[in-house]
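Q: The structure under discussion is supplied below as structure tokens; questions concerning it will follow.
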Amino acid sequence: MASPDQIRANVERKVEEVALRPSAGQGTATTRVTLKPGLECEIEDGTWKLTAGMSDKWGGTNAGPNPGILGRGALGSCLAIGYGVWAARLG
């Protein structure tokens, strides 16, 4: 686990990199989503594989958390991580 000082150093290095070469801040990630039977989706991004699904009350098989849960989790974790990065950067 990185210490706040290590996080701050990494962030400062990235800030300098993007200031010198703005294109370094442009993402190129690709996420692939495949719809499967039972309102299940297989989500792949790099080495990560996740499953999303709908509950039986929607006609699904409850194969995984529904898109609403994943969306709220994505937004919440993005904000929390951003706060952590800024906290480390500000010391």
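Q: Can you give me the angle between helix 4-20 and the longest principal axis of the chain, using Cα atoms only, in degrees from 0 to 90, rounded to the nearest 10?
A: The answer is roughly 80 degrees.
Q: A further question follows. Give me the angle, in degrees from 0 to 90, between the Cα long axis of helix 67-90 and the longest principal axis of the Cα atoms of the chain, rounded to the nearest 10.
A: Around 10 degrees separate the two axes.
Q: Something else about it: Could you work out the helix-only [θ] at 222 nm for the chain, with each DSSP H run of four or more residues adding -39,500 (n - 2.57) and the total divided by the number of residues, to the nearest 500 deg cm²/dmol?
A: Mean residue ellipticity, 222 nm, calculated: -15500 deg cm²/dmol.
Q: A follow-up question, please. Averaged per residue, what accessible surface does the chain expose to a 1.4 Å probe, in Å²?
A: Each residue of the chain exposes 79 Å² on average to a 1.4 Å probe.
Q: Whose amide H sits under 5 Å from the amide H of Asn66, counting only residues 5 or more places off or on another chain, with H placed in the peptide plane?
A: Long-range HN contacts for Asn66: Gly53.
Q: Right, something else. For Ser77, put the label point 7 Å out on the Cα→Cβ axis and report which residues of region 42-58 keep their amide N under 15 Å from it.
A: 43-53
Q: Considering the alpha-carbon set of region 1-51 alone, what are its Rg and its Dmax in angstrom?
A: Radius of gyration, then largest Cα-Cα span, for region 1-51: 17.2, 49 Å.
Q: A further question follows. What percentage of the solvent-accessible surface of the chain, computed with a 1.4 Å probe over protein heavy atoms, is contributed by carbon and sulfur atoms? Don't jump to the answer; show the numbers that get you there.
A: Values: 4440 of 7170 Å².
On the chain, the fraction of accessible area on carbon and sulfur atoms equals 62 percent.
The values are calculated or read from the model by the stated rules, or taken from the named source; none is laboratory data. Computed from a predicted model, the values in this text were never measured in an experiment. Cβ sites come from the backbone with ideal geometry, for glycine too, and all protein chains shown count toward neighbours. Calculation scope for accessible area: heavy atoms of the full protein, side chains included, ligands and nucleic acids excluded. Shrake-Rupley method; radii C 1.70, N 1.55, O 1.52, S 1.80 Å.
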